[in-house]
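One structure below.
The values are calculated or read from the model by the stated rules, or taken from the named source; none is laboratory data. From a predicted model like this one, the values you see are computed outputs, not experimental measurements. Glycine gets a Cβ as well: all are built from the backbone with ideal geometry, and neighbour counts include every protein chain shown.
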Amino acid sequence: MNKSLIINFLAALIIAAGYVSPVYSELIKTIGFFALSGALTNWIAIYMLFEKVPFLYGSGIIPNRFEEFKDSIKELMMQQFFTVENVEQFIETEEQEGEKVLNLEPLLAALDYDRIFEGLISSIMESSFGAMLQMMGGEEALLPLKEPFIEKMQVTLTEMVESDRFKQALKQGLNAHKIGEDIISKIETVIDKRLAELTPQLVKEMVQKIIREHLGWLVVWGGFFGGIMGAAFYFA
C-alpha cells in the first residue's frame with residue numbers, strides 16, 4: 001500500500017468535494033489545497049533525497065554522499081568490530097575450544113548499531129533537507145526508522161562477514177597463527193575491496209530499502225497537518 005499516493009489522492013478528493021459541495025465549499029477547498037500542498041511538498045522532498053534533480057541544489061543527497069556512507073561502514077567494522085583486542089580474544093577462544101568453523105555472530109550482536117543510525121540521521125539533518133525535516137518534527141520524526149534500519153544493517157553486515165573471501169582472510173590468519181595488526185590489515189583489505197564494489201546506485205538502493213517505505217509517513221502527516229493549517233487559515 002503506497003501511503004503517499006493515498007494521502008495525495010484523498011487531498012485531491014477533498015478539493016473536488018469543495019467545488020461541488022453546496023455548503024462550506026470554501027472551507028473544504030482550503031483544507032484540501034493545504035493538505036495537498038503539505039503532502040506533495042514532503043513527497044517531493046523524499047524523492048529529492050534519492051534522486052538528483054537538475055538545478056535544485058541539495059537534491060540527490062543519498063547517492064551524492066555515498067563515499068561518506070561507505071566510510072561509516074568501514075569505521076564501524078574496523079573500530080568496533082575488528083579491533084586488535086577483539087581479534088586476539090576471538091583467536092584464543094577458538095583455539096581453546098578447538099572449533100574449526102568461524103562463528104562471528106556474537107561479535108555482530110555486540111556492535112553498536114545505534115551509532116551508524118545516528119550518523120545517518122546527522123547527515124540528513126545537516127543537509128539542505130534538515131530545515132524541512134525540522135518543520136515535521138526534526139530528528140524525532142525519523143526515530144520510527146531506527147528499528148528497521150538496524151534490522152537491515154544486521155542482515156547486510158552478516159552477509160558481508162559470511163562471504164567466502166572474508167572468511168578465507170580470517171582462516172589464513174588463524175592458520176598462520178597471526179594475530180593483531182597482521183590480521184586486521186588483511187581484513188581491512190577485504191573490506192576495502194568489498195566496499196569498492198559499491199556504487200552510488202547500490203548505496204541508494206540499500207538506503208531506499210531501509211527507510212523509503214517508512215518515510216511515506218512524512219507524506220501522510222504532511223497532508224494531515226496541512227489540512228489542519230488550512231482550516232485554521234480559513235477561520236483566522
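From (1) closer than 29 Å to Ser122 by Cα; (2) assigned to a loop (DSSP other than H, G, I, E, B); (3) free of Cβ contacts under 8 Å to residues at least 60 places away in the same chain, pick out the condition that doesn't hold for Tyr47.
(2)
Can you find even one residue in the stretch 99-114 that is of a type in the set (S, T, N, Q) and either within 19 Å of Leu198 (Cα to Cα) or modelled with pLDDT of 75 or more (or both)? Spell out the reasoning first.
Step one: of the stretch 99-114, the residues of a type in the set (S, T, N, Q) are 103.
So of that shortlist, the ones also either within 19 Å of Leu198 (Cα to Cα) or modelled with pLDDT of 75 or more (or both) come out as none.
No: the stretch 99-114 contains no residue that is of a type in the set (S, T, N, Q) and either within 19 Å of Leu198 (Cα to Cα) or modelled with pLDDT of 75 or more (or both).
Which residues, taken from the stretch 1-52, are closer than 25 Å to Pro200 by Cβ and of a type in the set (Asp, Glu)?
Correct list: Glu51 only.
Could you please give the count of residues in the stretch 18-39 that are assigned to a helix (DSSP H, G or I) and either exposed (fewer than 15 other Cβ atoms within 10 Å of the Cβ) or among the basic types (Lys, Arg) (or both)? Give the derivation first.
Residues of the stretch 18-39 that are assigned to a helix (DSSP H, G or I), as a first pass: 18-20, 25-39.
Filter once more, so that each one left must be either exposed (fewer than 15 other Cβ atoms within 10 Å of the Cβ) or among the basic types (Lys, Arg) (or both): 19-20, 25-26, 29.
Looking only at that region, the number is 5.
Residue by residue through the stretch 136-145, note down the ones that are modelled with pLDDT of 70 or more and either crowded, with 16+ Cβ neighbours inside 10 Å or within 17 Å of Ala110 (Cβ to Cβ) (or both).
Ala141, Leu142, Leu145, listed by residue number.
For Glu26, state whether it is at pLDDT 85 or above and acidic (Asp, Glu). Reasoning before the result, please.
Numbers: at pLDDT 85 or above: yes; acidic (Asp, Glu): yes.
Yes, satisfied.
From the residues in the stretch 20-73 that are more than 16 Å from the chain's Cα centre (by Cα) and among the basic types (Lys, Arg), which one is nearest to Ala196 (Cα to Cα)?
Lys52
Look through Asp182, Asp164 and report the one residue that is at pLDDT below 80 and either surrounded by 16 or more Cβ atoms within 10 Å (Cβ to Cβ) or farther than 18 Å from Phe90 by Cβ (or both). Spell out how you get there, then give the answer.
Values: Asp182 fails: either surrounded by 16 or more Cβ atoms within 10 Å (Cβ to Cβ) or farther than 18 Å from Phe90 by Cβ (or both).
Testing whether each residue is at pLDDT below 80 and either surrounded by 16 or more Cβ atoms within 10 Å (Cβ to Cβ) or farther than 18 Å from Phe90 by Cβ (or both) leaves just Asp164.
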